[in-house]
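Encoded as structure tokens, the structure appears first; notes follow it.
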Amino acid sequence: MEPNLQFWSREGQTFSQRFRRWTEILEPTNLLFSEEDVQNSRLLLTTKGRASAEHGDDDQQFRAAWKQSLSSVHPDSGRLIPVPFRPAAFLPSTVPLLYLSLLPPKGIKTALFPQLMFHLYTTQFSIVNGNATNEKYTFMQQLLGATTVFSSTIFGICPRLIMTRYALNGPTLQMVITKVLPIPLLAFFSMFNVVVCRSPEYQYGIEVMDKDGSVIGVSRQAGAKAVKETALSRGLLFGVSALVPSALTPLLKRTSFVLQNPRFLVLLKLNLTVLVMGLMVPTSFSLFTQTGRIHRVDLEEEIQASTEETELFYNRGL
């Protein structure tokens, strides 16, 4: 079993454990690790037997090595993740795009760009951090990803298109279309993008392993479970991150500080978005363990017949 997967199977079985680890992995400084640094860390973990839990977490050298490995190496393939799509790059990349996509646009063009870039990045992030079992379907995933980016972008600007096309000027209707409707649309299409671009995982299956890391077979049931869990966590992440700032903005407008300094509302809303997403990213990543578990009885009959293990493991992805 890949050392990162073995780590998560051993130490990521409770939400609090996973949340603590993700707060370390998501530090932006983790993007500065060079390929040589990561390779040296992996060599240390392998040669010293850290993957088999022979060293305690109090050893600072091994803690630093695990931090570099978990933040930079794909837990399924064992290869380096491209820097723009490492977990630590997710928050600084998506915060400004989410914020801009929720601002009241002055026109179709100003609404189109942030929506396009937001869905383009999150879709590619899902593909890169998905299950390496389906690398032979890379072209299919990229084609599906392009389709989801296009459709999500179009539907994302639909509220603005509706207002422009039908000249809807009622204040209540404008509030619903421009402030209420975009939030569930964002959550839904965040989930939709994960489901579509990672569809080869539940169409063709992903590898399932025993506790020793031996591959038992390829399971569509495990692939469906991995995609479902990731889609739910992604929808919750962006749904809550969009809802909280939008819900609190009317309250901020009534404060004496904003009434005296209305220009600061934009800055306050940006800071609020950063704060909420800063909490929601490790929370959403921690909802489900990175090394997923599935009971043998829930798998295909051919896999059930090939092992006596009661529980098997797989890489969930992000």
Given (1) surrounded by fewer than 21 Cβ atoms within 10 Å (Cβ to Cβ); (2) in contact with a Cys (Cβ under 8 Å, 6 or more places away or on another chain); (3) among the polar types (S, T, N, Q), SER126 misses just (1)
Are any of the residues in segment 233-244 surrounded by fewer than 16 Cβ atoms within 10 Å (Cβ to Cβ), part of a helix (DSSP H, G or I) and on the phi < 0 side of the Ramachandran plot? no
For segment 82-92, give me each residue that is within 29 Å of PRO159 (Cβ to Cβ) and over 12 Å from the mean Cα position of the chain (by Cα). PRO92
Looking at (1) in contact (Cβ under 8 Å) with a residue 40 or more places away in the chain; (2) surrounded by fewer than 18 Cβ atoms within 10 Å (Cβ to Cβ); (3) closer than 16 Å to LEU26 by Cβ, which one does SER306 not meet, given that it meets all the others? (3)
Here are some conditions: (1) in contact with a strand residue (DSSP E or B) (Cβ under 7 Å, 6 or more places away or on another chain); (2) surrounded by 21 or more Cβ atoms within 10 Å (Cβ to Cβ); (3) modelled with pLDDT of 90 or more. LEU80 meets all but one. Which one does it not meet? (2)
Sort out which residues of segment 1-44 are under 21 Å from ASN315 (Cα atoms) and hydroxyl-bearing (Ser, Thr, Tyr), and write them in order of number. SER9, THR14, SER16, THR23
One residue from LEU252, LEU265, LEU248, LEU270 being surrounded by fewer than 18 Cβ atoms within 10 Å (Cβ to Cβ), under 28 Å from VAL194 (Cα atoms) and among the hydrophobic types (A, V, I, L, M, F, W, C): LEU270
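Hey, does segment 178-191 have a residue that's closer than 20 Å to ASP298 by Cβ, in a helix (DSSP H, G or I), modelled with pLDDT of 90 or more and aliphatic (A, V, I, L, M)?
Checking segment 178-191: not a single residue is closer than 20 Å to ASP298 by Cβ, in a helix (DSSP H, G or I), modelled with pLDDT of 90 or more and aliphatic (A, V, I, L, M).
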Since THR47 meets every condition but one in (1) modelled with pLDDT under 85; (2) open to solvent by less than 60 Å² (accessible area, probe 1.4 Å); (3) hydroxyl-bearing (Ser, Thr, Tyr), which condition does it not meet? (2)
Out of VAL208, VAL218, sole residue that is within 25 Å of ASP76 (Cβ to Cβ), open to solvent by 40 Å² or more (accessible area, probe 1.4 Å) and β-branched (Val, Ile, Thr): VAL218
For segment 282-308, what are the residues that are under 21 Å from ASP76 (Cα atoms) and not polar (S, T, N, Q)? PRO282, PHE285, LEU287, PHE288, GLY292, ARG293, ILE294, HIS295, ARG296, LEU299, ILE303
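The values are calculated or read from the model by the stated rules, or taken from the named source; none is laboratory data. Keep in mind that what you see is a predicted model, and the values were worked out from it rather than measured. Note that we place each Cβ from the backbone using ideal geometry, even for glycine, and neighbour counts take in every protein chain shown. Just the protein is used for accessible areas: all its heavy atoms, side chains included, with ligands, DNA and RNA removed. Shrake-Rupley method; radii C 1.70, N 1.55, O 1.52, S 1.80 Å.
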